[in-house]
Number of protein chains: 2
Amino acid sequence: MEQPSNILKYKHLGIYTQNENVVYMREDCHVCISEGFEALTRIRISNANTSIVASLNVLNSDILMPNEIGLSDSAAKKLNASPHDTLYVSHLEPIDSLSYVRAKIYNQKLNYSAFNEIITDIVEGDYSTIHLSAFITACAGDRLDIDEISDLTKAMIASGKQLNWDKEVVVDKHCIGGLPGNRTTPLVVAIVAAYGLTMPKTSSRAITSPAGTADTMEVLTNVTLSAEEIQTVVEKEGGCFVWGGTAQLSPADDVLIKIEKALDIDSEGQLIASVLSKKSAAGSTHVVIDIPVGETAKVRSTEMAQKLKNHMETVGNAVGLNVKVVITDGTQPVGRGIGPTLEAIDILKVLKNEVDAPNDLAERALLLAGGLLELSGKVEKGKGMETAQQILESGKAYGKFLAICKAQGRFTEPILAPYTFDIKAEKSGILERIDNRKIAKLAKLSGAPKSKSAGILLNTHLGENIKENQVLYTIYAESKGELNYALEYKNYHNNIITII
Amino acid sequence: MEQPSNILKYKHLGIYTQNENVVYMREDCHVCISEGFEALTRIRISNANTSIVASLNVLNSDILMPNEIGLSDSAAKKLNASPHDTLYVSHLEPIDSLSYVRAKIYNQKLNYSAFNEIITDIVEGDYSTIHLSAFITACAGDRLDIDEISDLTKAMIASGKQLNWDKEVVVDKHCIGGLPGNRTTPLVVAIVAAYGLTMPKTSSRAITSPAGTADTMEVLTNVTLSAEEIQTVVEKEGGCFVWGGTAQLSPADDVLIKIEKALDIDSEGQLIASVLSKKSAAGSTHVVIDIPVGETAKVRSTEMAQKLKNHMETVGNAVGLNVKVVITDGTQPVGRGIGPTLEAIDILKVLKNEVDAPNDLAERALLLAGGLLELSGKVEKGKGMETAQQILESGKAYGKFLAICKAQGRFTEPILAPYTFDIKAEKSGILERIDNRKIAKLAKLSGAPKSKSAGILLNTHLGENIKENQVLYTIYAESKGELNYALEYKNYHNNIITII
């Protein structure tokens, strides 16, 4: 399709658009004129080695000369373009897999081959954000049946690298989010790796929450490791806590998660496919999944949890994973901190067995670690939690935690944010209700997870006796603007914590 | 929310992104640093008079100084920004109506107030393309019931200007697309306006087709008129053919249509709301709607057409319109031309009663014009078509057509595209089938509707006796690249026209 006349010289513009590929061309450049390109046309840009699809922004100023072409930073990186490089521009061939997206919009059932084509094109970068958003939405709201979720999961596994650990048992865990502060993963990894199991944990960054495990662990260590580096860490220490994104495991998931974040949704089908594709691609064989249930958690009723549990276990089976789902209490946050740094502080307190360590977080971690020890077949049924507790109390889990951090490149002590504001009780009484969603929103408005040390430090739990003027929680922020922004939201929403 | 420190100086960058608001700021500018803004954050930009929401692109080159801010052309226009103007930057307050979009994604029913908030925010420009695409998708595939379609329609009417003609009867027509070349509207307007009825016709540009009526009429006259200009034309001539977009009638529709175009979908609920909101806002009282039915038309079966007819009439009733739906033959294109200029040529031939005028187009126009004359109550039932025919054959319709074009600012004779290619029959036989979708796709790949004179000229109709090497149709293009692109598609798809 490239014609010799469709050649332009690359100029560095330094425009950062995150993942979005944008190409800049002059309105009066010969390619725009001869090809009839106009703003937002999706076009293909190639060099001798590779090609990408990008959306056109048309320039009518002298930032570019008519024979020059500019690229957003991510597009330039994908093409490995240097100033004065020659780039070829051509029409985008029709994206056939979009017909499957349309079929899904119109409630038709898709098969593996359809999902595979869609996911392949998404990983290639051929979908615009409009297409991605339509795909996410068309699959949300119970519009994928169990076969479709399995097929989507398989397609997502196939779209990236797959790790192989050469071990009979490779364990993993996952928590279906929605519960602020519930940062058990690093504790579980430390405990089961200290026991001797292999747990190559890849985590995601926050989707709609104030912190994902990867955001939290990044406070303490490096989480952006290559597949090779992960392999080295796990061979040495038996476990790791890394971000799944750069490891190229289920790369479609990282693209889709950004769109889900913008929409603030996390639908069942995508959720299962996201979790299980990452687990399977990471080479896991046995996975424990924690579903906290509560009125303001992500999963609100036991029926929904039960349905999700069944679907998780069925899809797990279909993709060759041994999945055990644990339904837990999701009526209030777990631990004290909400936000990457504040959660990292909780984790260290538990590992060091400090007197003011949050008990609820420790107990939740022991439940899941015990479940994994039993699921692996290495520890007798009924003895898992006890075994996990011995490892934690002995300090072996803390030692393993530090060793893994060091193997990942560093261990850094967490530092709190400079701007704080105490929220005090307006009356005395019993703490009746904590709105998980609103407390999470407040932590996000204070800057978390982008501002790592921003967030909320909770001083109270459900059922406690509260005295007037007692500090209920403290807001932490890295800038005054963010602190004010969180406070403004707080002032509009008085029912974040209910005292009766 | 604006803090005095959040001030930047506007610099013109001349980046055209169509309707999309993009703001450019330096990575190291004090506002990005103090507010924690990062790429693609949605932020609010204000001056003393107004404010907009835009997506941030972060710059790390000297296109901007750290104290400067750039805007995409559409954003600059909305703010009426001049170089060196002072602009204020602030966090975007949460968009409350997105919770209704999420509710719709999860299959909940929305009421008028929810649709009204969504549509108001869309018209304000507060939704990103990701949000718009999710809204469109969540409403597609039969996910709106009849009450929701009525409420969406009312919300869209309320979102823009509403014309009032001070007449008891104001007629209009609409064709549910999907049938290439079926350009009856300009003919119907000319006939009924010549009869003396008021028909202030606003049309849309192509959504997924190679030409909309507005695209076609733009070849012959100006279609971008203000509400005041439309009023003047209609008072003088009794009719008009204008693009509905700039008239600010149902402005949400114009935003949503761009997203539907990118997705290549046109769902029932949005379709009804789009059509009827435009009609009602334009001040119509009596509307005839043409639904062509055929295997490769937009509406594929009589049941679907019947369902759409019922919904159209019910929603029409709910918003105070007298709607009559006519179900017509949609098995093949109507007329010879497909693409703005080629269709304009067909229209002129019919109006001038030329010997080679396409009969099928003339007949379809007379059917609809006759239906309108009867629906209006001015012409006796059963006499509509006959009356319409007299007006057309007498030349009165042609005279009225030219008069309206001149009132709209110009009448221009159409000019054909320079690059052509004849597609010939590979064998002799009977023409059995024309794939409307593929022939439309071919016209689009040749450049229509963007390249006005591009498209397809059909030489044949269903059932005709074809001889080997006879020209079946000619492809017209404005550039060699587009012609080649269409030919490449043609070479992959041999079943565009089937001869047996």
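What follows is calculated from the coordinates using simple rules that are stated; it is not laboratory data. Computed from a predicted model, the values in this text were never measured in an experiment. Cβ sites come from the backbone with ideal geometry, for glycine too, and all protein chains shown count toward neighbours.
Calculate the dipole size of segment B:7-91 relative to its Cα centre from +1 charges on Lys and Arg beta carbons and -1 charges on Asp and Glu beta carbons; express the result in debye to the nearest 20.
Dipole magnitude for segment B:7-91 comes out near 280 debye.
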Exercise. To the nearest whole number, what is the average tally of beta carbon atoms from other chains within 10 Å of the beta carbons of peptide A:9-21?
Worked result: 5
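From other protein chains only, count the Cβ atoms within 10 Å of every residue's Cβ in A:131-143, then give the mean.
6
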Seminar exercise, completed: If one compares the long axis through the Cα atoms of helix A:112-124 with the longest principal axis of the Cα atoms of chain A, the angle in degrees, nearest 10, works out at 80 degrees
Problem set entry | Long-range amide H partners of residue A:327 with built H, under 5 Å | A:291
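Given charges of +1 on the Cβ of Lys and Arg and -1 on the Cβ of Asp and Glu, with all other atoms neutral, how large is the dipole of chain A about its Cα centre, in debye to the nearest 20?
Dipole about the Cα centre, nearest 20: 900 debye.
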Exercise. Can you work out ³J(HN,Hα) from phi for every residue in segment A:277-289, in order, using Karplus 6.51 cos²θ - 1.76 cosθ + 1.60 and θ = phi - 60°, giving whole Hz and x for Gly and Pro?
Worked result: 5, 5, 5, 5, 5, 7, x, 6, 10, 10, 10, 9, 10
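For the protein assembly as shown, compute Rg over Rh where Rg is the Cα radius of gyration and Rh is the Kirkwood radius from the inverse mean 1/r over Cα pairs.
Rounded to two decimals, Rg over Rh is 1.01.
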Problem set entry | Values of log10 I(q)/I(0), in the order q = 0.11, 0.17, 0.18, 0.21 Å⁻¹, for segment B:169-310 under a Debye, Cα-only, solvent-free model | -0.38, -0.95, -1.07, -1.45
For this session: Specify which residue in the list A:116, A:421, A:58 is farthest towards the positive end of the charge dipole of chain A, using unit charges on the beta carbon of Lys, Arg (+1) and Asp, Glu (-1), about the Cα centre.
Result: A:421
Exercise. For segment A:98-158, what is the charge dipole size about the Cα centre, in debye to the nearest 20, if Lys and Arg each add +1 at the Cβ and Asp and Glu each add -1 at the Cβ?
Worked result: 160 debye
Exercise. Which of rounded, prolate, oblate describes segment A:98-158, given a ≥ b ≥ c as roots of the alpha-carbon gyration tensor eigenvalues and a/c under 1.5 marking rounded, otherwise prolate only if a/b is larger than b/c?
Worked result: oblate
For this session: Could you tell me how many degrees, from 0 to 90 and to the nearest 10, lie between the Cα long axis of helix B:302-318 and the main elongation axis, the longest principal axis, of the Cα atoms of chain B?
Result: 60 degrees
Seminar exercise, completed: Here the Kirkwood hydrodynamic radius of segment B:315-473, Cα-based and in Å, equals 18.0 Å
Exercise. What average number of partner chain Cβ atoms lie no more than 10 Å from the Cβ of the residues making up A:52-63?
Worked result: 4
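Sort A:17-27, A:460-470, A:97-107 for me by packing, meaning the mean count of neighbouring Cβ atoms within 10 Å per residue, highest on top.
A:17-27, A:97-107, A:460-470
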Problem set entry | Karplus-derived HN-Hα couplings along segment B:200-211 (A = 6.51, B = -1.76, C = 1.60, θ = phi - 60°), whole Hz, x at Gly and Pro | x, 7, 10, 10, 9, 7, 4, 9, 10, 9, x, 6
Seminar exercise, completed: Quick note, segment A:7-91: a/c under 1.5 would make it rounded; otherwise a/b > b/c is prolate and the rest oblate (a ≥ b ≥ c, C-alpha gyration tensor); here it is rounded
Exercise. Listing A:169, B:334 from the residue with the fewest other Cβ atoms within 10 Å to the one with the most, what is the order?
Worked result: A:169, B:334
Exercise. Put the label 7 Å from Cα along Cα→Cβ for residue A:307; what are its distances to the other copies, in nanometres, shortest first?
Worked result: 2.3
Exercise. Let a ≥ b ≥ c be the square roots of the eigenvalues of the Cα gyration tensor of segment B:419-499; is it rounded (a/c under 1.5), or, if not, prolate (a/b larger than b/c) or oblate?
Worked result: prolate
Seminar exercise, completed: Taking the label point 7 Å from Cα along the Cα-Cβ vector, the copy-to-copy distances for residue B:62, listed from shortest in nm with one decimal, are 1.6
Exercise. Using the alpha-carbon centroid of each, what span in Å lies between segment B:8-71 and segment B:137-163?
Worked result: 34 Å
Exercise. Picking from B:153, A:375, B:15, whose Cα lies most toward the positive end of the charge dipole for the protein assembly as shown (charges on Cβ: Lys, Arg +1; Asp, Glu -1)?
Worked result: A:375
Exercise. Do the sum for chain A: with -39,500 (n - 2.57) for every DSSP H run of n ≥ 4, divided by all residues, what is the mean residue ellipticity at 222 nm, to the nearest 500 deg cm²/dmol?
Worked result: -12500 deg cm²/dmol
Seminar exercise, completed: Using the Kirkwood radius over Cα pairs of chain A, the Stokes-Einstein translational diffusion coefficient at 10 °C and 1.306 mPa s, in µm²/s and rounded to a whole number, is 65 µm²/s
Exercise. Contour minus end-to-end for residue A:65 and residue A:93, with contour as 0.36 nm per residue of separation and end-to-end as the Cα-Cα distance?
Worked result: 7.4 nm
For this session: For residue A:428 paired with residue A:317, estimate the spin-label separation in nm (one decimal), with each label point 7 Å from Cα along the Cα-to-Cβ line.
Result: 5.7 nm
Exercise. So what's the angle, to the nearest 10 degrees on a 0 to 90 scale, between helix A:340-351 and the longest Cα principal axis of chain A?
Worked result: 40 degrees
Exercise. Hey, for residue A:82 with labels 7 Å out along Cα-Cβ, what do the inter-copy distances come to in nm, ordered shortest first?
Worked result: 4.6
